[in-house]
Structure formats: C-alpha cells, structure tokens
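The values are calculated or read from the model by the stated rules, or taken from the named source; none is laboratory data. A quick note: this is a predicted structure, and the numbers were derived from the prediction, not measured. Glycine gets a Cβ as well: all are built from the backbone with ideal geometry, and neighbour counts include every protein chain shown.
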Amino acid sequence: MSQKLNFSLPLPFIDLASQQKRIRPQVSEAFQRILDHGSYIMGPEVFELEKKLSQFCDAKHTISCANGTDALALVLMAKDVKPGDAIFVPSFTFAATTEVVAWMGATPVFIDVLKETFNMDPSSLKQGILKAKELGLKPTAIIPVDLFGAPADYDALESIAAENNLWILADAAQSFGATYKKRPVGTFGIATSTSFFPAKPLGCYGDGGAIFTDNDELAEKLISLRIHGQGKDKYDNIYIGMNGRLDTLQAAVLLEKLKIFPEELLSRQNAAVFYHKALSSLVTTPFLLPDTTSSWAQYTLRLNSTISRDKVVHELQNQGIPTAIYYVKPLHQQKAYQHYPTALGHHLPNSESLSKEVLSLPMHGYLTEDVLHFITKNLIHLLSSPSK
Ligand SMILES: *Cc1c(COP(=O)(O)O)cnc(C)c1O
C-alpha cells in the first residue's frame with residue numbers, strides 16, 4: 001500500500017468541500033443579491049425554493065422551516081397532538097423523531113425495526129398499537145423514519161394506519177430524493193418532513209427543513225404556525241405557533257444545491273453499487289425494498305458478530321478512513337426516553353442488536369473510483385485477515 005495516492009488522507013466522511021468548490025461562485029452571487037435586496041427573513045428565495053421543491057418531489061405544498069425537528073413538531077402542532085395520544089416511532093433513529101412527541105405531552109411508543117431494512121417493522125407496530133390501548137392511550141399517529149435514505153414500507157404501514165384510524169407523518173430527514181414504488185419522498189402520509197442540516201443528502205450551510213403535503217387546510221395551518229400562529233397579519237394571532245422560518249440565505253444555498261442534486265443522487269447510487277459489489281460476500285450490505293431507491297444518506301453495513309467492530313473502526317481510522325456508528329444506542333434505552341412504552345416487553349431485539357453491529361462508511365456525491373477502491377481494499381483486507 002505504498003503506492004502514491006491521488007487523493008489526500010484522512011478521507012472526509014462527507015465531502016462538503018468538493019461540493020462547495022463546485023457551486024461557490026453561484027452561492028457567492030446569490031449571497032450578494034440578498035445583501036442587496038436585504039430581505040433576510042422570508043425573502044423571495046424562500047418562496048422560489050418552496051416552488052422548486054414542490055416540483056422536485058410532486059408535493060402540492062412545500063412549507064420550508066428552520067430545521068427538520070421543527071418540521072416534525074409543526075405537523076404535530078397542526079394536528080393538535082396532546083397528552084393521552086400514543087404516537088408510534090421506531091426506536092432505531094435519531095432522537096428528534098421522538099423528542100417532538102414528548103414536547104406535545106403525548107406518549108411515544110417505541111416500535112422495533114426490521115434487521116434487513118433498518119426501518120419500522122409492521123408486525124411490531126401492530127403489537128405497539130395493542131400495547132397503547134392496554135395502557136389506556138389513544139393510538140393517534142405513526143412517524144415512520146426512512147433510515148439512512150431508504151423509504152420505509154409505506155404500503156404495509158398505510159394499511160395498518162387505515163385499519164386503526166391513524167395518520168402518518170413521514171420523517172424523511174434522511175431520505176429526500178429517494179422513491180418508493182415510483183412515489184417520490186414527499187408524498188407519503190398526511191405530511192412528510194425533511195431536514196437540510198449540512199450532512200443530509202440535500203443540505204444547506206446551517207439549519208433548515210421543510211414539510212410537504214397535498215392537504216390545503218394542513219398547509220395553511222402550517223404556514224401560520226411557522227410564524228407565531230399569525231392570521232391576517234403579524235399582530236393577529238389565531239394559533240399558538242413558533243418562530244420556525246427558514247433563512248433567506250439558506251434558501252439561496254439550497255436553490256444552488258438543488259440544481260446539482262439529481263447528479264449527486266446518481267453518484268451516491270453508483271458508490272452504493274461499488275460498495276455492494278466489493279463487500280457483499282464479507283458483510284451484510286444494505287437491502288432495499290423492491291422498486292425503491294435510496295438517497296444514501298448513509299451507507300450502513302452489518303458486520304458479522306465474530307469481528308470486533310471497535311477493531312474495524314480503529315484500523316480503518318489508522319488508514320485514514322473515517323467511519324460512523326448510527327446509532328450506538330436505540331432510543332428506548334436512552335436515559336431521557338427509557339420510561340416510555342415499547343411495543344412488546346422491555347426489549348426491541350432488532351434495534352438492540354443492530355446498534356451493536358452497524359457501521360457506516362464514507363458516503364457522498366464526490367467519491368471517486370480510486371477512493372472507493374482504497375476504502376474497500378482496506379476493509380476487505382481487515383475482514384479477511386485471520387486475527388479477528
Ligand atoms: C436529522 C434528523 C432529524 C432532525 O433534523 P434537524 O434538521 O437536525 O433538526 C429528524 N429525524 C431524523 C431521522 C434525522 O436524521
């Protein structure tokens with residue numbers, strides 16, 4: 001491995017620098033225009049972005065907002081979620097999915113995920129609904145997460161929702177740009193939320209988020225809630241809302257990034273194919289449902305139990321290859337959330353075992369074949385060496 005490399009080490013886990021280099025002149029010009037017009041809050045770029053995002057994902061309405069957490073919270077506020085309501089969330093996710101439920105005083109009920117897809121397990125969801133009823137809670141809504149960029153099994157979840165009179169809010173913070181059976185992310189449930197945090201597939205240069213919905217009344221209420229529940233003007237308050245706006249500067253960044261997003265999605269897909277071909281005989285590579293595409297927010301492997309994950313992480317780091325573990329601990333085992341109910345008993349076996357097995361490799365739209373070759377060669381060497 002002493003041959004000269006045409007890239008520098010350590011590698012970035014997500015290469016925002018290469019992307020910025022590509023769009024920097026356009027972003028600078030857009031910033032200049034905003035400095036000139038001075039509409040830092042709800043400037044024209046915000047509304048232009050909302051229009052472009054709606055076109056991109058076939059949603060009737062896009063309501064941009066301050067971040068992906070507010071996007072979730074605004075929908076729960078709009079639906080008047082309240083104490084006594086049971087909201088079903090996967091345990092194997094980022095804390096924001098659950099945090100917003102607790103904000104409303106409602107009860108998150110933790111559901112297990114499927115080992116193959118990392119996403120909500122429909123049979124565990126059925127158990128969770130029974131559990132909520134046993135506890136005297138009102139089964140109200142499901143928040144499926146499209147973990148690592150791959151959509152959850154919406155056909156299965158929607159039929160359980162319909163049988164039980166529940167609504168769905170899709171947490172697509174990681175999956176904007178993906179599709180499920182030809183339906184783009186943004187068209188699921190009563191609303192879909194996403195995040196534009198810099199490391200997400202479509203990210204800005206700060207915090208940002210959006211909600212997508214086809215429902216006119218819901219959209220109208222969300223638009224009001226995002227600006228302090230305003231009515232006909234700023235000083236007319238018809239709901240208890242929040243300050244949940246997206247900055248004009250962030251909208252301008254997103255307008256430039258959206259132009260190159262389809263190309264980046266293709267490049268991520270090609271990287272995923274490369275990883276799969278190189279690694280699928282040694283580890284469990286990600287599995288997609290039929291007729292589904294991922295935006296590959298993460299490329300997450302499941303290591304075999306005979307291999308120490310710590311060792312793999314450490315050795316790769318020594319070679320200049322960063323990795324990440326999403327998530328080290330499922331939410332039902334976190335101090336802040338462990339008192340909330342789980343679907344069955346106190347354990348969610350798949351969430352618990354996945355948290356010990358998973359490992360995410362560098363994933364972004366600027367991985368060259370040379371870099372992919374370097375990463376996989378090192379990993380294969382490690383995994384096939386006898387000293388495990
Ligand atoms: C990132 C993320 C969020 C929150 O998005 P922010 O913009 O960081 O508030 C919510 N849910 C999931 C699954 C996420 O990955």
Which pairs do you get when a residue that is farther than 30 Å from L16 by Cβ and at pLDDT 95 or above, found in segment 196-223, comes within reach of a residue that is in a helix (DSSP H, G or I) and within 16 Å of the ligand (Cβ to nearest atom), reach meaning Cβ atoms under 8 angstrom, with the pair 6+ apart or on two chains? L218/V75
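One residue is enough: does segment 358-379 have a residue meeting the conditions hydroxyl-bearing (S, T, Y), in a loop (DSSP other than H, G, I, E, B) and farther than 26 Å from S18 by Cβ? Working first, answer last.
First, pick out the residues of segment 358-379 that are hydroxyl-bearing (S, T, Y): 360, 366, 368, 376.
Checking the rest, the ones that are also in a loop (DSSP other than H, G, I, E, B) come to 366, 368.
Going one step further and asking which of them are farther than 26 Å from S18 by Cβ, we end up with none.
The answer is no; no qualifying residue exists.
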Matching residues, segment 7-32, being surrounded by 13 or more Cβ atoms within 10 Å (Cβ to Cβ) and not in a loop (DSSP other than H, G, I, E, B): L16, S18, Q19, Q20, R22, I23, Q26, V27, A30, F31
Give me a count of the residues in segment 261-279 that are surrounded by 13 or more Cβ atoms within 10 Å (Cβ to Cβ) and either out of contact with any Ser or Thr (no Cβ under 8 Å at 6 or more places or on another chain) or outside any helix (DSSP H, G or I) (or both). 5
Considering only residues that are surrounded by fewer than 24 Cβ atoms within 10 Å (Cβ to Cβ) and away from the ligand (no atom under 12 Å from the Cβ), which ones fall in segment 190-221? I190, Y205, D214, N215, D216, E217, L218, A219, E220, K221
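Only one of L288, L331, L316 is surrounded by 19 or more Cβ atoms within 10 Å (Cβ to Cβ), closer than 29 Å to C57 by Cβ, touching a Ser or Thr at 6+ places or on another chain (Cβ under 9 Å) and in contact (Cβ under 8 Å) with a residue 60 or more places away in the chain; which?
Values: L288 fails: surrounded by 19 or more Cβ atoms within 10 Å (Cβ to Cβ); L316 fails: closer than 29 Å to C57 by Cβ.
It is L331.
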Within segment 81-103, take every residue that is part of a loop (DSSP other than H, G, I, E, B) and surrounded by fewer than 18 Cβ atoms within 10 Å (Cβ to Cβ) and give me the one that is nearest to the ligand (Cβ to nearest atom). A95
What about F47, is it under 20 Å from the mean Cα position of the chain (by Cα) and either under 18 Å from K200 (Cα atoms) or more than 16 Å from the ligand (Cβ to nearest atom) (or both)? no
Give all pairs with beta carbons closer than 9 Å in which a residue from segment 163-179 that is in contact (Cβ under 8 Å) with a residue 60 or more places away in the chain meets a residue that is within 10 Å of the ligand (Cβ to nearest atom) and of a type in the set (F, W, Y); count only pairs at least 6 apart in sequence or on separate chains. D171/F94; A173/F94; A173/F197; Q174/F94; Q174/F148; S175/F148; F176/F196
Complete set of residues in segment 180-189 that are under 24 Å from M363 (Cα atoms), crowded, with 22+ Cβ neighbours inside 10 Å and more than 14 Å from the ligand (Cβ to nearest atom): Y180, G186
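Give me the residue from segment 294-313 that is more than 30 Å from T179 (Cα to Cα) and not hydroxyl-bearing (S, T, Y) and, out of that set, surrounded by the fewest Cβ atoms within 10 Å (Cβ to Cβ).
At the first step, the residues of segment 294-313 found to be more than 30 Å from T179 (Cα to Cα) are 305-313.
Pick out the ones that are also not hydroxyl-bearing (S, T, Y) and you get 307, 309-313.
Numbers: I307: 17, R309: 16, D310: 9, K311: 12, V312: 19, V313: 17.
Looking at the filtered set, the residue picked out is D310.
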In contact with a Pro (Cβ under 7 Å, 6 or more places away or on another chain), over 17 Å from I375 (Cβ atoms) and of a type outside the set (V, I, T): does that describe S308? no
Result of the Cβ filter at 9 Å on segment 48-65, keeping first residues that are within 16 Å of D247 (Cβ to Cβ) and partners that are basic (K, R) and in a loop (DSSP other than H, G, I, E, B), at least 6 apart or interchain, is S64/R245; C65/R245
Matching residues in segment 58-80 - criterion: being more than 14 Å from the ligand (Cβ to nearest atom) and either surrounded by fewer than 22 Cβ atoms within 10 Å (Cβ to Cβ) or of a type outside the set (A, V, I, L, M, F, W, C) (or both): D58, K60, H61, T62, K79, D80
Can you tell me which residues in segment 316-335 are part of a helix (DSSP H, G or I), out of contact with any Leu (no Cβ under 9 Å at 6 or more places or on another chain) and of a type in the set (A, V, I, L, M)? L331
Please go through segment 133-158 and pick out each residue that is surrounded by fewer than 20 Cβ atoms within 10 Å (Cβ to Cβ) and within 17 Å of Q298 (Cβ to Cβ). none
Just to be sure I understand, how many residues within segment 154-179 are more than 10 Å from the ligand (Cβ to nearest atom) and more than 12 Å from T293 (Cα to Cα)? 17
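So how many residues does segment 123-153 have that are part of a loop (DSSP other than H, G, I, E, B) and away from the ligand (no atom under 15 Å from the Cβ)? First the steps, then the outcome.
Within segment 123-153, the first condition is being part of a loop (DSSP other than H, G, I, E, B), and the residues that meet it are 135-137, 143-144, 146, 150-153.
In the following step, the residues that additionally are away from the ligand (no atom under 15 Å from the Cβ) were identified as 135-137, 153.
Total satisfying the criteria: 4.
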